[in-house]
Each structure stands twice: as structure tokens, then as C-alpha cells.
Amino acid sequence: MKTLRTVSALIVTVAMIAVMAIGAFAAENYDWNLLNIDYSSEADLEKAKIQQGASYAVKDGVLRINRNGTNEDHYFDLPEMKTSGKVVISTKFRTNSHNVALRINGANNSLKFNICVNGEKNLFIKGSANIVAENVADEKWHELNAVVDLDAKTIVLTVDGGTPFNGTFAGHSQAGNVDGVARVFWHVNSAAAEGGYLDVDYFRISDGKIAQGGSDSGSGSTDKPGTPETSDATLVAVTVLAAGAVVTAFTAKKRRK
């Protein structure tokens, strides 16, 4: 009897973990049809621009932006401002500075989301007290993924595959209403310490479409919006919960006898 109860509890625990995985960011789900650069050459910077006068270099597949006393921006303007659906961003970065940020702008280049590294080297959304990830200015590579849902008015952030941070526009936008997404960019603030830098390994943006065959190659997009909610985690959760229900029912029946 005790063994059955233990098994039942374990099954429910596994199911809960599977449910938590539902909707988690998976890069291979998206077609990076708006931007997909890996800095294999400086020609990639024709796709996403570097602010004039910035100090930067492309070497070994990495873009390095150095602090030189001015604001340094590496930006991408969407072909047209997106006001509905999703904007999905995936990037890999490394820094030694707490004065860097991934920014998302709306109409007239107005700042909407400011995903910053603070003085404690933690990643957070400016305008809120929420810590998204700790100690990211440690000169190690970190993967940052963001899903901006313009219909649900939510922003979901994931760092290094950890637990997603779920926020709402009302509680996390930098200023005013979020009218859409027009520009996405990496920002190195002029206040960065001497020798401060930001390395970017890749920079990808999608309008939420699923890649054909679940590939992140950036080709073969469909018109079907990205819906990771129908991932394998869903099937696992349903199956495990069903098994747990059977075991629980069997345990209850044995107890009645």
C-alpha cells in the first residue's frame, strides 16, 4: 500500500514537471525570418546595423562592441512595426559590464522594454524589481530568449534554458502603452567602465512563425503561428497524469478492501 502511494506521488511530481515545461522556449520551433545572423563576417552587419562611431570588431564568429565613452547600439529595424501576434528574440551574449541592455522599441523609436544588467550583475526588466537571472556579467556565454506577445500583452524571458520569467505589459514596459515592436537592439551604455565590452554570438528575430520541420535554419516558414504549447511535454504530461490517476484509483480501491 505504501509503495503504491509512493509511486503515485512520484508520477504526479513528474507530471507537474512536464506541465511546467509546456510552452518553454525552444529555438528550433521558430523560423528566424526577420533576422538570423551569426557574425561569420562583417557582411552580417548589413542586416543589423552598428551605430555610427561605435567601437566594434567581428572576429571568429563573434561581434565585440567596446565601450568608448558613447552609447553603442547594435540595432535591427523590422520591415514594418508589428502590432499583433508575436515577436520572438533569441541571442547569445557575453559581457563584463552591468551597463548593457537588450532593448525593444515601439513607434517613433520609443523605448518599451529595457532588459538590463544591474549593478549586482543580475538581469532584470527596468521599471520592475523582478530579477530574471543572476550574475550574467561574469564573462561567460548566456542565452537570452524573449517572446513578446502583442495580443496577450505579455513578455516571457528565458536565460540559459532556466525557468521562464512571465511578465505583463502593464507591469514591465518602460514607458507608456506598448503600441508594437519596431526595433530590437543591444545597447552598451556610455557609463560602462573602461574596458567594458559586449560580445554577441548570434542575434535572431522571428515573427512567431514555426520553421518547417522544426528547424531553426531560418528557411521554409509557414503561416502557422508558433504554438509550443502543443509540444511533446504536453503529451508526456497528459500520459503521466493519466497513469497517476489509474494508480491513485487502484490504491483507493485496495484501501477500501
Using the Cα atoms of the range 86-206 to build a convex hull, what is its mean projected area in square nanometres?
7.0 nm²
Just going by the charge dipole of the range 25-228, with Lys and Arg at +1 and Asp and Glu at -1 on Cβ, which of Ala107, Trp141, Phe93 is farthest out on the positive end?
Ala107
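Net charge around Glu42, counting only other residues with Cβ within less than 14 Å of its Cβ (Lys, Arg = +1; Asp, Glu = -1)? Before the final figure, lay out each step's value.
Numbers: positive: Lys47, Lys49, Lys59, Arg64; negative: Asp38, Asp44, Glu46, Asp60.
The answer is 0.
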Can you give the three extents of the C-alpha atoms in the range 25-228 along their principal axes, from longest to shortest, in whole Å?
46, 38, 34
Mind ranking 73-81, 176-184 by how tightly packed they are, going by the mean number of other C-beta atoms within 10 angstrom, highest first?
176-184, 73-81
Would you mind ranking Leu45, Leu35 so that the residue whose beta carbon has the fewest other beta carbons within 10 Å leads the list?
Leu45, Leu35
Quick check on my link table: of Lys47/Lys112; Lys59/Lys153; Lys49/Lys82; Lys82/Lys126; Lys82/Lys140, which ones sit more than 30 Å apart, alpha carbon to alpha carbon?
Lys59/Lys153; Lys82/Lys140
Residues Glu134, Glu46 in order from fewest to most other beta-carbon atoms within 10 Å are Glu46, Glu134
Residues with beta-carbon under 9 Å from that of Lys121, excluding Lys121: net charge, scoring Lys, Arg +1 and Asp, Glu -1?
-3
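Every read-out reported here was derived from the displayed coordinates using simple, explicitly stated rules and does not represent laboratory data. Here the structure is a predicted model, which is why all the values come from computation and not from measurement. As a convention, Cβ positions derive from the backbone with ideal geometry for all residues, glycine included, and neighbour counts pool all protein chains shown.
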